[in-house]
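Peer 1: Right, I'll just put the structure down here and ask away after.
The values are calculated or read from the model by the stated rules, or taken from the named source; none is laboratory data. Remember, predicted model here, so these are calculated numbers, not experimental data. Neighbour counts are summed over all protein chains in view; Cβ atoms, including those assigned to glycine, are modelled from backbone coordinates with ideal geometry. Calculation scope for accessible area: heavy atoms of the full protein, side chains included, ligands and nucleic acids excluded. Shrake-Rupley method; radii C 1.70, N 1.55, O 1.52, S 1.80 Å.
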Amino acid sequence: MTLDDLLTPALVLDLGVLRRNLAMMRRALERHPGVVLRPHLKTAKSIEVAKLAAPDGGPITVSTLAEARYFAKAGWRDQIYAVGITPGKLDAVAALNAEGAQVKVITDDAEAARAVAAHPGAVEALVEVDVGEGRGGVPPEEAKAVAAALGSRLAGVFTHAGHSYGGRSLEEMARIAEEERLGVTRAAAALREAGHQLRIVSLGSSPTALHAKSLEGITEVRAGVYMFGDLFQEQLGTHPEGEIAVTVLASVIGRKPARDALLLDSGALAMSKDRSTEKAPRDDGFGLVLDLDGKRAFGHAVLTRVHQEHGEAHPMPDMPVGTKLRVAPNHTCLTAAAFDRYHVVDGSREVIATWDRVNHW
């Protein structure tokens, strides 16, 4: 089977590009001896990808209970469920752990921490610390209250510098990475001074993992989007140009020569509505149009508009309806989430495998 044989839209994963991206992260972390990589599989959501990114059973990071079950059943037991825990989910986590998993949860809330501490099952938690993203987490100096509520269920501290995606230079990424490290290690030091035992000091995003100059005091790094890359990461300078492993196979469904455009069947549901234009050096629209071989053969042709099932590509040469093209995503996490499988290629149009994904929650 080749890409020509597939119905569209379809998700294509280039194995060779994936392997190169994984090697890039391994090389980056070799600069920090003793620091463990705990890949975040929220984007890949695939056992076959996990075999390459986290061989020999982990450790890994997940973002849903569905992922936790899927990977635990396949042998990846050492997990962090990296979304703030609610008391109503503790039974499910404890059930996985009773079957041999080691799923740890995170919290920034003392009340939720008390629920973890009181749960009869084997559940441990990390205190989530905010180092500047302004999403989840407590300031480092406020971690003590949550840690005290967890008591013996405390496994460590956890942070995510998601604001690194707002950086626009490698120097800025390195600066944010150092702020991330200082924030979470400051929280860890305060908890240890208060008498708490910590096994894990965890941080990570793909930009900071790749460009941190020091990871002193850190036990593990979490990163995920580096596996596939996307146009947004390219624009940040944290992913090599042309090394996006995942693309959407699409077909021409209409020709609009007056607008110098083609209509494709890769609309918002296949590509997402994320654009990477804010403060960006170029406008990639809703995705960059490639030829069937994944090459940038049309200059800077992008999806300028998307509707639910329609994407308008501009500027584009006239092509017959039914012509197949590929589109590189702006945000690979959301694009991949629209599909239940990968059609795997390795530098050619031949489909060498089909890999499943675990979706939903």
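Peer 1: Filter the range 304-318 for residues that are outside any loop (DSSP other than H, G, I, E, B), out of contact with any Ser or Thr (no Cβ under 6 Å at 6 or more places or on another chain), open to solvent by less than 70 Å² (accessible area, probe 1.4 Å) and not aliphatic (A, V, I, L, M) and give the result.
Peer 2: First pass over the range 304-318, keeping only residues outside any loop (DSSP other than H, G, I, E, B): 304-306, 311-314.
This time we only want the ones that are out of contact with any Ser or Thr (no Cβ under 6 Å at 6 or more places or on another chain), so: 304-306, 313.
Subset that is open to solvent by less than 70 Å² (accessible area, probe 1.4 Å): 304, 306, 313.
THR304 - this is the single residue of the range 304-318 that is outside any loop (DSSP other than H, G, I, E, B), out of contact with any Ser or Thr (no Cβ under 6 Å at 6 or more places or on another chain), open to solvent by less than 70 Å² (accessible area, probe 1.4 Å) and not aliphatic (A, V, I, L, M).
Peer 1: Can you say whether LYS73 is closer than 21 Å to TRP361 by Cβ and either within 12 Å of the chain's Cα centre (by Cα) or surrounded by fewer than 20 Cβ atoms within 10 Å (Cβ to Cβ) (or both), as far as the supplied structure shows?
Peer 2: The answer is yes for LYS73.
Peer 1: Next up: How many residues does the range 52-70 contain that are open to solvent by 10 Å² or more (accessible area, probe 1.4 Å) and either in contact with a Ser or Thr (Cβ under 6 Å, 6 or more places away or on another chain) or closer than 19 Å to LEU29 by Cβ (or both)?
Peer 2: Taking the range 52-70 as the starting set, the residues that turn out to be open to solvent by 10 Å² or more (accessible area, probe 1.4 Å) are 52-53, 55-59, 63, 65-66, 69-70.
Filter once more, so that each one left must be either in contact with a Ser or Thr (Cβ under 6 Å, 6 or more places away or on another chain) or closer than 19 Å to LEU29 by Cβ (or both): 52-53, 55-59.
Qualifying residue count, the range 52-70: 7.
Peer 1: Let me ask you something else. Considering every residue within the range 157-164, establish whether at least one is open to solvent by less than 10 Å² (accessible area, probe 1.4 Å), in contact with a Leu (Cβ under 9 Å, 6 or more places away or on another chain) and aromatic (Phe, Trp, Tyr).
Peer 2: yes
Peer 1: Got a sec? Which of VAL302, VAL306, VAL289, VAL327 is at pLDDT 95 or above, closer than 22 Å to GLY224 by Cα and not basic (Lys, Arg)?
Peer 2: VAL327
Peer 1: Show me the strands (runs of 3 or more DSSP E) found entirely inside the range 178-281 where at least 2 residues are at pLDDT 95 or above and either surrounded by fewer than 20 Cβ atoms within 10 Å (Cβ to Cβ) or among the small types (Gly, Ala, Ser) (or both).
Peer 2: Values: elements: 200-203, 246-256, 261-264.
By residue number, 246-256.
Peer 1: List pairs: first in the range 182-201 and touching a residue at least 12 places away in the same chain (Cβ under 8 Å) and within 19 Å of LYS104 (Cα to Cα), second polar (S, T, N, Q) and in a loop (DSSP other than H, G, I, E, B), Cβ under 6 Å, 6+ apart or cross-chain?
Peer 2: Cβ pairs passing all conditions: VAL184/THR159; ILE200/THR219; VAL201/THR219.
Peer 1: Determine if the range 48-65 includes at least one residue that is at pLDDT 95 or above, more than 14 Å from the chain's Cα centre (by Cα) and closer than 13 Å to ASN97 by Cα.
Peer 2: Yes, the range 48-65 contains at least one residue that is at pLDDT 95 or above, more than 14 Å from the chain's Cα centre (by Cα) and closer than 13 Å to ASN97 by Cα.
Peer 1: Considering only residues that are in contact with a helix residue (DSSP H, G or I) (Cβ under 7 Å, 6 or more places away or on another chain) and either of a type outside the set (A, V, I, L, M, F, W, C) or not in a strand (DSSP E or B) (or both), which ones fall in the range 337-349?
Peer 2: ALA338, ASP346, GLY347, ARG349
Peer 1: Does GLU141 satisfy being modelled with pLDDT of 90 or more and more than 19 Å from the chain's Cα centre (by Cα)? Steps first, answer last, please.
Peer 2: Values: modelled with pLDDT of 90 or more: yes; more than 19 Å from the chain's Cα centre (by Cα): yes.
So GLU141 fits the description; yes.
Peer 1: Looking at the range 126-147, I want the residues that are closer than 15 Å to ALA112 by Cα and have a partner that is open to solvent by 50 Å² or more (accessible area, probe 1.4 Å) and modelled with pLDDT of 95 or more with Cβ atoms under 6 Å, at least 6 apart or on another chain. Which pairs are those?
Peer 2: Listed by first residue and then by second, the contacts come to GLU128/ASP108; GLY136/ASP108; GLY137/ASP108; VAL138/ASP108; LYS144/ALA194.
Peer 1: Could I ask something else about it? If you go through the range 283-303 one residue at a time, how many are open to solvent by 30 Å² or more (accessible area, probe 1.4 Å) and touching a helix residue (DSSP H, G or I) at 6+ places or on another chain (Cβ under 7 Å)?
Peer 2: 0
Peer 1: Has the range 97-113 got at least one residue that is in contact with a His (Cβ under 7 Å, 6 or more places away or on another chain) and at pLDDT 95 or above? Walk me through it before giving the result.
Peer 2: First, the residues of the range 97-113 that are in contact with a His (Cβ under 7 Å, 6 or more places away or on another chain): none.
Taking every residue of the range 97-113 in turn, none turns out to be in contact with a His (Cβ under 7 Å, 6 or more places away or on another chain) and at pLDDT 95 or above.
Peer 1: I'm trying to understand the selection: among the residues of the range 320-349, which are surrounded by fewer than 13 Cβ atoms within 10 Å (Cβ to Cβ) and touching a Ser or Thr at 6+ places or on another chain (Cβ under 9 Å)?
Peer 2: If the condition is that a residue be surrounded by fewer than 13 Cβ atoms within 10 Å (Cβ to Cβ) and touching a Ser or Thr at 6+ places or on another chain (Cβ under 9 Å), then VAL321, GLY322 are the ones that fit.
Peer 1: Within the range 167-177, how many residues turn out to be part of a helix (DSSP H, G or I), surrounded by 15 or more Cβ atoms within 10 Å (Cβ to Cβ) and out of contact with any strand residue (DSSP E or B) (no Cβ under 9 Å at 6 or more places or on another chain)? Can you show your working first?
Peer 2: Filtering the range 167-177 down to residues part of a helix (DSSP H, G or I) leaves 170-177.
Keeping just the survivors that are surrounded by 15 or more Cβ atoms within 10 Å (Cβ to Cβ) gives 172-177.
Add one more test, that the residue is out of contact with any strand residue (DSSP E or B) (no Cβ under 9 Å at 6 or more places or on another chain), and what stays is 172-176.
Going through the range 167-177 one residue at a time, the tally reaches 5.
Peer 1: Follow-up question, since we're still on this one. Name every residue in the range 350-361 that is in a loop (DSSP other than H, G, I, E, B) and open to solvent by less than 50 Å² (accessible area, probe 1.4 Å), in order of residue number.
Peer 2: VAL351, ARG357, VAL358, ASN359 - these are the residues of the range 350-361 that are in a loop (DSSP other than H, G, I, E, B) and open to solvent by less than 50 Å² (accessible area, probe 1.4 Å).
Peer 1: Determine which single condition ASP130 fails, assuming it passes every other condition in (1) touching a strand residue (DSSP E or B) at 6+ places or on another chain (Cβ under 7 Å); (2) under 22 Å from HIS40 (Cβ atoms); (3) open to solvent by less than 20 Å² (accessible area, probe 1.4 Å).
Peer 2: (3)
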